[in-house]
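This report refers to the structure that appears directly beneath it.
Computed from the coordinates by the stated procedures, all read-outs in this text should not be read as laboratory data. Owing to the predicted nature of the structure, the values given are computational and were not obtained by experimental measurement. We place every Cβ from the backbone using ideal geometry, glycine too, and count neighbours over all the protein chains shown.
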């Protein structure tokens, strides 16, 4: 056989038969997911749901099923931006097959995703989330008698450097310049350099007085806002950075780990103020998905503890398992309405029991795991959208994709398309660690046992792949 050579320039074909175009073998995970959605009638449901938001005639648009599938891909592939999702779908033959887009047609562009998101209201995305819960419910996986609640921070698509004062419209540099002029450090017509502004900004935080606030600089949401995202709030992220962001709150089933509600709020809203709203949304989602189970127990961390919140939860028929934070002084009940002391003491006793401790262990493990899947590996920690409604639309579909992945994991043993590669890499790390521990010279281990161990890992991965393809 002669050596094939790559040509520098090639003239494209004027036309080509569709049957002669190269076709990918497809990905077994996406093929199985498509089959699952088809059995549930997903495309017919979303097309009927979205029909009232489109005209009756004219050129056909991107099918709504493909719009939601592309957002599912964002979670399954860990892509945070719409541009990245659009590029990945255009580049992959497997994803073209998942979207049912032939090679002679273009996959939807990122701008198409933006137009469709603006066209469809938040209620449509909420219905899609409930429909996915209905698919999970059809497999009898949701218990929902006990739920865990927790929140995390999302980084907004706005920079702290671009914030301006609400009263005067000054940006940060103009504000520092005015402070320097008021302190007499520069003349009224003098403009300081960037280095002088930075040095002054560092020094003023170490001094007391009016501007230093007792030695601490503060940027208040009452005085500052972002002109590009008016709904973003200045918050402290989980890693300690001060950023513009939002708060996402999950309500999950403690037994099955499925997300029953995912709401995005303003970043400065207290956990105690949003607890009952999130649990109420979870109960509404359960009813719409065909599950008549009533939520009975709510498990949260100490940040949700408030006498008024626990009393209102009891009035709604909910038993709370919320640990009480340590206070430097005993609680006073003389200024509280009747019944507050009793429900708080009952909540305290429940937490001391073995059931309460078990609930807290499950909450700390399983709710945090949902955040790790959605925000870290799923790519939702950093939002590229602006506005609370837009972020809620994207986040709802993102968490619905997480529920789909968990359903795939329960049924077929694989929850994401790259699970097989991740498992093989994990086995390789484990085997290499045993190699260093068991055999100091490494010769006997390498020649005899390492090939056998690699074969075991290969068989385990292929058994999962075969089960998924069955």
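Structure notes:
- For peptides 338-351, 255-268, sequence by mean Cβ density within 10 Å, most packed first: 255-268, 338-351
- Peptides 61-71, 220-230 ranked from most to least packed give 61-71, 220-230, packing being the mean of other C-beta atoms within 10 angstrom over each peptide's residues.
- Here region 250-289 is scanned for amide nitrogen atoms under 20 Å from the site 7 Å beyond the Cα of residue 220 along Cα-to-Cβ, giving 267-270.
- Cα convex hull of region 22-120 - mean projected area over all directions, nm²: 6.6 nm²
- Each part gets one Cα centre, and for region 250-307 versus region 81-119 those centres are 33 Å apart.
- Length added when fully stretched, residue 143-residue 183, from 0.36 nm per residue minus Cα-Cα: 8.0 nm
- The calculated FRET efficiency for residue 201 paired with residue 90, based on their beta-carbon distance and R0 = 41 Å, is about 0.35.
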